[in-house]
Amino acid sequence: MEVGFLGLGIMGKAMSMNLLKNGFKVTVWNRTLSKCDEVVVHGASVGETPAEVVKKCNITIAILSDPAAALSVVFDKDGVLDQICSGKGYIDMSTVDPETSWKISEAIALKGGHFLEAPVSGSKQPAETGQLVILAAGDKALYEEAVPAFDVLGKKSFFLGPVGNGAKMKLVVNMIMGSVMNAFSEGLTLAERSGLNPHSLLDVLDLGGIANPMFRGKGPEMVKDNYSPAFPLKHQQKDMRLALALGDQNAVSMPVAAAANEAFKKARSMGLGDLDFSAVYETVKLLKHSS
Ligand SMILES: NC(=O)C1=CN([C@@H]2O[C@H](COP(=O)(O)OP(=O)(O)OC[C@H]3O[C@@H](n4cnc5c(N)ncnc54)[C@H](OP(=O)(O)O)[C@@H]3O)[C@@H](O)[C@H]2O)C=CC1
Ligand SMILES: O=CC(=O)O
């Protein structure tokens, strides 16, 4: 199966490499074209523009930073819309708001093409090991066609119905994750400031009812102030912002998520946006110090 792949950031690079390892022919494009070199070494071809990739491949996958990037790659000159047509499918796996997905879906449908949104839950390591959770919605026939690729990229894929439902599900999940990361950071800070060993807290948490892979994976690194990026903080803040907008639209009060969003914004203002989202711990430590 031949697929196009747009966006070789942390996620896109790992996912396209996985497709290559599993026998897919892959043609890649990235805004910064030099980032294609590493996947080319592993057998990928390169398209000079998104349009060139879509022209060559019947299915093109994208995973890009945010709504602005997702729209730009579709609508700008030499973008996806230039070449999408009947018989071709476009799958956007970026985390965006439903409005962005609807715009892209409508434009692609007007050209006779097929669209699926398929944001993913899971981070750099699940992307590398093919253990993502895929939250697809939109064109069911395209979903069925993409299942062999999804089986390589993820441990489970969900088909959630009409376009927008994948984006909504992803935002709900990440709103919870961002809020939990803030509570976890406060807990670590409280443990340390009150004289407890934070490693003991991690051991206790891991044996109880709220044990989870995020505490297990991130906790020991946070205690060492290691925030090497798996999921960049600027993207988590974008997800909190988009989830809060979804809350506004549905009149859902989310004071916990709103407070977490403020902490991520503060972290961005401190220049921590490119670090892992667990770096929000630094803002919590700072606030606890100043009080
Ligand atoms: N990292 C993670 O753990 C996870 C991330 N996600 C989501 O996946 C998406 C990608 O995340 P991730 O790989 O971590 O992000 P990165 O920041 O590592 O990569 C972002 C990608 O988007 C491209 N890009 C940014 N702006 C534009 C633009 N205007 N036009 C074209 N391309 C653009 C970048 O190109 P360039 O190289 O030129 O900058 C790069 O390829 C995000 O929506 C994120 O929320 C979802 C699950 C997990
Ligand atoms: O979107 C991030 C993730 O870890 O999932």
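The values are calculated or read from the model by the stated rules, or taken from the named source; none is laboratory data. Worth saying up front: this structure is predicted, and the values here are computed from it rather than measured. Counting neighbours? That spans all protein chains shown, and the Cβs are built from the backbone with ideal geometry, glycine included. Note: areas computed on protein heavy atoms with side chains; ligands, DNA, RNA excluded. Shrake-Rupley method; radii C 1.70, N 1.55, O 1.52, S 1.80 Å.
Being in contact with a Lys or Arg (Cβ under 9 Å, 6 or more places away or on another chain), surrounded by 15 or more Cβ atoms within 10 Å (Cβ to Cβ) and either within 24 Å of Leu135 (Cα to Cα) or in contact (Cβ under 8 Å) with a residue 60 or more places away in the chain (or both) narrows it down to one of Ser65, Ser16, so name that one. That would be Ser65, the only listed residue that is in contact with a Lys or Arg (Cβ under 9 Å, 6 or more places away or on another chain), surrounded by 15 or more Cβ atoms within 10 Å (Cβ to Cβ) and either within 24 Å of Leu135 (Cα to Cα) or in contact (Cβ under 8 Å) with a residue 60 or more places away in the chain (or both).
Might you let me know whether segment 116-125 holds any residue that is open to solvent by less than 70 Å² (accessible area, probe 1.4 Å), of a type in the set (A, V, I, L, M, F, W, C) and within 15 Å of the chain's Cα centre (by Cα)? Yes - at least one qualifying residue is present in segment 116-125. When we screen Asp76, Asp92 for residues that are at negative phi and either away from ligand 2 (no atom under 16 Å from the Cβ) or of a type in the set (A, V, I, L, M) (or both), the only hit is Asp76.
Pairs linking a residue in segment 228-243 that is in contact (Cβ under 8 Å) with a residue 60 or more places away in the chain and under 11 Å from Leu275 (Cα atoms) to a residue that is outside any loop (DSSP other than H, G, I, E, B) and within 6 Å of ligand 1 (Cβ to nearest atom), with Cβ atoms under 6 Å and 6 or more positions apart or on different chains, are Ala230/Lys124. The set of residues in segment 88-108 being within 16 Å of ligand 1 (Cβ to nearest atom) and out of contact with any Asp or Glu (no Cβ under 9 Å at 6 or more places or on another chain) consists of Tyr90, Asp97, Glu99, Lys103.
Is one or more of the residues making up segment 32-48 under 20 Å from the mean Cα position of the chain (by Cα), farther than 21 Å from Ala137 by Cα and not hydrophobic (A, V, I, L, M, F, W, C)? There is at least one residue in segment 32-48 that is under 20 Å from the mean Cα position of the chain (by Cα), farther than 21 Å from Ala137 by Cα and not hydrophobic (A, V, I, L, M, F, W, C). When Ile176 is tested against (1) within 18 Å of Leu64 (Cα to Cα); (2) within 14 Å of ligand 2 (Cβ to nearest atom); (3) out of contact with any Gly (no Cβ under 6 Å at 6 or more places or on another chain), only condition (1) is not met. One residue stands out in segment 212-241 among those that are within 12 Å of ligand 1 (Cβ to nearest atom) and of a type in the set (A, V, I, L, M, F, W, C): the one that is farthest from the chain's Cα centre (by Cα), namely Met214. For segment 127-139, does any single residue satisfy the condition of being charged (D, E, K, R), within 16 Å of ligand 2 (Cβ to nearest atom) and in the same structural domain as Ile61 (by TED's automatic domain parsing)? Yes, segment 127-139 contains at least one residue that is charged (D, E, K, R), within 16 Å of ligand 2 (Cβ to nearest atom) and in the same structural domain as Ile61 (by TED's automatic domain parsing). Somewhere in segment 140-153, is a residue touching a residue at least 24 places away in the same chain (Cβ under 8 Å) and not in a helix (DSSP H, G or I)? Checked segment 140-153: no residue is touching a residue at least 24 places away in the same chain (Cβ under 8 Å) and not in a helix (DSSP H, G or I).
Residues are listed down the side, and each one gets a yes or a no for (1) in the same structural domain as Glu145 (by TED's automatic domain parsing); (2) within 14 Å of ligand 1 (Cβ to nearest atom); (3) free of Cβ contacts under 8 Å to residues at least 40 places away in the same chain:
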{"site": "Asp37", "(1), (2), (3)": "yes, yes, yes"}
{"site": "Val40", "(1), (2), (3)": "yes, no, yes"}
{"site": "Leu110", "(1), (2), (3)": "yes, no, yes"}
{"site": "Ala118", "(1), (2), (3)": "yes, yes, no"}
{"site": "Gly122", "(1), (2), (3)": "yes, yes, yes"}
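Scanning segment 255-267 for residues that are over 18 Å from Thr189 (Cα atoms) and surrounded by 18 or more Cβ atoms within 10 Å (Cβ to Cβ) returns Ala257, Asn261.
Conditions (1) open to solvent by 70 Å² or more (accessible area, probe 1.4 Å); (2) of a type in the set (S, T, N, Q); (3) within 17 Å of Leu132 (Cβ to Cβ), marked per residue:
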position: Glu145; (1), (2), (3): yes, no, no
position: Lys156; (1), (2), (3): yes, no, yes
position: Met175; (1), (2), (3): no, no, no
position: Gly195; (1), (2), (3): no, no, no
position: Pro213; (1), (2), (3): yes, no, yes
position: Arg216; (1), (2), (3): yes, no, no
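Between Pro220, Pro229, the distinction of being open to solvent by 30 Å² or more (accessible area, probe 1.4 Å) and either outside any loop (DSSP other than H, G, I, E, B) or aromatic (Phe, Trp, Tyr) (or both) belongs to Pro220 only.
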